[in-house]
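Colleague: Sending over a structure as structure tokens; questions will come in a sec.
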Amino acid sequence: MRTNIKIPKLTVVGAGPGDPDLITLKAIKALESADVVLYDALINESLLQYAPNAEKIFVGKRKGCYAYQQEQINDLIVNRAKSHGHVVRLKGGDPFIFGRGAEEIDYVQEFGIKTYMVPGISSSYAVPAYQGIPLTKRGFSESFWVITGTTKAHKLSQDVCLAAKSNATVVILMGMSKLSEIVSIFAAENKEDIPVAIIQNGTKDNEQFGFGTIKTIEKVVLEKKLSSPAIIVIGEVVKQRVKLASIYKEVKEEIVS
């Protein structure tokens with residue numbers, strides 16, 4: 001009598017920045033075929049409905065609070081793939097942009113397990129876009145940097161110093177705890193009047209934001225009580241913000257109705 005033997009495999013899936021409508025069709029197909037879903041803290045949990053028959057395990061990490069250490073997550077992927085079959089690693093944004101997706105794939109491949117990747121819409125550009133901020137605009141910005149605010153050594157990336165010397169738009173992820181240091185770096189480059197946006201819980205229903213300049217943004221953060229998870233956008237394009245009037249919510253409601 002033949003039995004259905006499931007082949008161990010891992011699919012690393014980008015869930016997008018938070019709005020559940022911003023997940024891709026390929027990502028949904030991966031979830032539908034999953035036997036196990038290991039999901040992070042920043043994903044919208046409503047996406048788990050696409051994997052009704054899968055075992056779902058929360059492995060999210062927040063500052064100072066870890067459901068699992070990274071080494072434990074790596075081992076869990078391997079063990080579940082061997083025992084259950086198809087493991088979907090559901091990560092916020094795009095897993096290859098500060099999401100450790102490549103690290104997890106490297107680890108799993110050492111065990112001969114097949115691996116696949118489904119890119120996601122990155123919060124680095126989607127979150128500013130939802131606030132009407134174009135990262136590039138002719139006549140104002142010819143390029144943009146996307147930089148992690150906190151390195152493996154828990155320090156601010158030195159790339160921020162390089163970016164502050166340029167005319168590019170600068171997007172800093174995971175940088176709220178280093179905001180004072182970031183402000184000091186830009187101020188040292190005589191850029192105290194450069195516009196700054198901070199967007200918390202971007203693209204979600206509980207999104208909050210604040211606008212200012214290098215000189216004023218720390219005060220704005222205190223007044224609006226902004227905190228992580230948030231994205232910092234620095235550059236003239238912030239001042240060029242398109243007035244969207246929450247158009248994405250209106251479009252979403254029209255699609256649903």
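The values are calculated or read from the model by the stated rules, or taken from the named source; none is laboratory data. Keep in mind the model is a prediction, meaning the values are calculated, not measured. Every residue, glycine as well, gets a Cβ built from its backbone with ideal geometry; the counts of neighbours run over all protein chains shown. Each accessible area value is taken on the protein alone, full model and side chains, heavy atoms only, with ligands, DNA and RNA left out. Shrake-Rupley method; radii C 1.70, N 1.55, O 1.52, S 1.80 Å.
Colleague: Given the criterion open to solvent by less than 20 Å² (accessible area, probe 1.4 Å), at pLDDT 95 or above, within 20 Å of PRO229 (Cβ to Cβ) and in a helix (DSSP H, G or I), identify the matching residue among LEU38, LEU47. Walk me through it before giving the result.
Modeller: Details: LEU38 fails: in a helix (DSSP H, G or I).
Checking each option against the conditions leaves just LEU47.
Colleague: Let me ask something else. With ASN201, ASN190, ASN206 as the choices, which residue is touching a Gly at 6+ places or on another chain (Cβ under 8 Å) and open to solvent by 20 Å² or more (accessible area, probe 1.4 Å)?
Modeller: So the residue among ASN201, ASN190, ASN206 that is touching a Gly at 6+ places or on another chain (Cβ under 8 Å) and open to solvent by 20 Å² or more (accessible area, probe 1.4 Å) is ASN201.
Colleague: Could you check the stretch 118-145 and list, in sequence order, the residues that are in a strand (DSSP E or B) and open to solvent by less than 50 Å² (accessible area, probe 1.4 Å)?
Modeller: VAL118, SER141, listed by residue number.
Colleague: Among the numbered criteria (1) over 15 Å from the mean Cα position of the chain (by Cα); (2) within 15 Å of VAL118 (Cα to Cα); (3) at pLDDT below 95, which single criterion is violated by SER33?
Modeller: Of (1) over 15 Å from the mean Cα position of the chain (by Cα); (2) within 15 Å of VAL118 (Cα to Cα); (3) at pLDDT below 95, only one is false for SER33: (3).
Colleague: Just for the stretch 86-108: of the residues that are in contact with a strand residue (DSSP E or B) (Cβ under 7 Å, 6 or more places away or on another chain) and at positive phi, which one is surrounded by the most Cβ atoms within 10 Å (Cβ to Cβ)?
Modeller: GLY93
Colleague: Of all residues in the stretch 170-187, how many are out of contact with any helix residue (DSSP H, G or I) (no Cβ under 7 Å at 6 or more places or on another chain), within 25 Å of PRO95 (Cα to Cα) and not hydrophobic (A, V, I, L, M, F, W, C)?
Modeller: Residues flagged as out of contact with any helix residue (DSSP H, G or I) (no Cβ under 7 Å at 6 or more places or on another chain), within 25 Å of PRO95 (Cα to Cα) and not hydrophobic (A, V, I, L, M, F, W, C) within the stretch 170-187 amount to 2.
Colleague: Identify, from the list GLU181, GLU192, the residue that is part of a loop (DSSP other than H, G, I, E, B) and not basic (Lys, Arg).
Modeller: Of GLU181, GLU192, the one residue that is part of a loop (DSSP other than H, G, I, E, B) and not basic (Lys, Arg) is GLU192.
Colleague: A follow-up question, please. What do you reckon, is ARG138 basic (Lys, Arg) and closer than 28 Å to LEU38 by Cβ?
Modeller: no
Colleague: If THR151 satisfies every condition in (1) part of a loop (DSSP other than H, G, I, E, B); (2) at pLDDT 95 or above but one, which is the exception?
Modeller: Condition (2) is where THR151 drops out.
Colleague: Assuming THR203 fulfils every condition listed in (1) at negative phi; (2) part of a loop (DSSP other than H, G, I, E, B); (3) not hydrophobic (A, V, I, L, M, F, W, C) apart from one, which condition is it?
Modeller: (1)
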